[in-house]
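The values are calculated or read from the model by the stated rules, or taken from the named source; none is laboratory data. Treat the numbers as computed from the prediction; the structure is a model and nothing was measured. Methodologically, a virtual Cβ is constructed for each residue, glycine included, from the backbone with ideal geometry; neighbour enumeration extends over all protein chains shown.
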Amino acid sequence: MIDLFSDTQTRPTAAMRQAIAQAEVGDEQRFEDPTTNRLRERVCELLGVEDAVFLPSGTMCNEIAIAVHCRPGDEVIAEASSHIIHYEGGGPAALAGVMLRPVSAPPEGVPGTFDGAALQAAVRAESRYVPRSRLVAVEQTANTAGGRVWPLALLREVRDAARALGLASHVDGARLMNAVVASGVSARDQLAGFDSAWIDFSKGLGCPVGAALAGSRDFIREAWRLKQRWGGAMRQSGMLAAAALHALDHHVERLADDHANARLLAVALAELPGVRIDPATVQTNLVYFDVTGTGLSSDRVVAELGIRGVRMGAFGPDRIRAVTHLDVNREQVLRAADAMRDVISACKP
């Protein structure tokens, strides 16, 4: 199976498994796991923050950050297609008791984002009748917008607007390192001035599990409390932290290969009858394409691809997502495009 469903499908490399097996461990909760402590220090240096906490997942990072920044009845402002609105099981409402306010006003040419003016327009005027605007969340990269990278100037504009409006600011860094590699702008520079952020290890970086939430010492002190309360406590987490350290050492620069393979796939798909995609919009490792012109539904196409040994995901009735990662090479990407060609030929109405 050529698995393009998600970059979460990556499996640890042999070298990563060796690092896991050799990890020095201790009790993380007592700050006695030396490997986890090294990872926390590494993340702080990478992101330019005071402290960090190692967590099982990026979704937990988002949920804890929201709960630390907000109080029940508060409102979080985020781009309308963002992960925290659509793909976290209603966690912000269930766990933190907060409202989510979608913003859909992307600057020209940068879908999946918004600017300072859009943020200001979304903030509620102070009144006992409405939720209190408390937090703005930015997703880097913007997943359902095709893995678009928030430009540095736009990040800073939203950050500065949030500060002027008295809001806290948070960065969902699910694919932060993809943005770093694609833009050439360091994570430290992208996150400067934001109140919290996290980095994922289990997507393009290829780890089996894990993410790190980062911010000020006071913020992370409260994050630890929620980690414990919500059952995310770990003990000898150094075995997982070792995988993350290995990934930061060996799997960051190679993200450029995933981006190149994504563009290669986009170019091949654009040549197929009935498929609509602009390869120029593919900036990172996410490839979204429209199959309306084939006369086939996205579910049908995905099912037929599966029969042919290729796994992708349907996002709506006519939209499909393919994600490149370290377990998919150039040859497999071209084979996936050939499978798509065969589906269109064999199944067209």
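Structural remarks
- Some residue of the stretch 191-203 being buried (at least 17 other Cβ atoms within 10 Å of the Cβ), of a type in the set (S, T, N, Q), closer than 26 Å to LEU95 by Cβ and in contact with a Phe, Trp or Tyr (Cβ under 7 Å, 6 or more places away or on another chain): yes
- Within the stretch 247-274, residues that are in contact (Cβ under 8 Å) with a residue 60 or more places away in the chain have Cβ atoms under 7 Å from residues that are in a helix (DSSP H, G or I) and basic (Lys, Arg) in these pairs: LEU248/ARG42; ASN261/ARG330; LEU264/ARG330; LEU272/ARG341, counting only partners at least 6 apart in sequence or on another chain.
- Evaluation of ALA52 against (1) out of contact with any Cys (no Cβ under 6 Å at 6 or more places or on another chain); (2) assigned by TED's automatic domain parsing to the domain that holds LYS203 (one fails), failing number: (1)
- Checking GLY231 against (1) modelled with pLDDT under 95; (2) touching a helix residue (DSSP H, G or I) at 6+ places or on another chain (Cβ under 7 Å), the condition it does not meet: (2)
- When GLY313 is tested against the conditions (1) closer than 24 Å to ARG11 by Cα; (2) in contact (Cβ under 8 Å) with a residue 60 or more places away in the chain; (3) surrounded by 22 or more Cβ atoms within 10 Å (Cβ to Cβ), the lone failure is (3).
- Candidates ALA52, ALA23, ALA14, ALA80, filtered to the one that is modelled with pLDDT of 95 or more and touching a Pro at 6+ places or on another chain (Cβ under 6 Å): ALA80
- Criterion: within 18 Å of the chain's Cα centre (by Cα), among the basic types (Lys, Arg) and either closer than 30 Å to GLU24 by Cβ or outside the structural domain of THR141 (by TED's automatic domain parsing) (or both) - qualifying residue of ARG276, ARG335, ARG330, ARG321: ARG321
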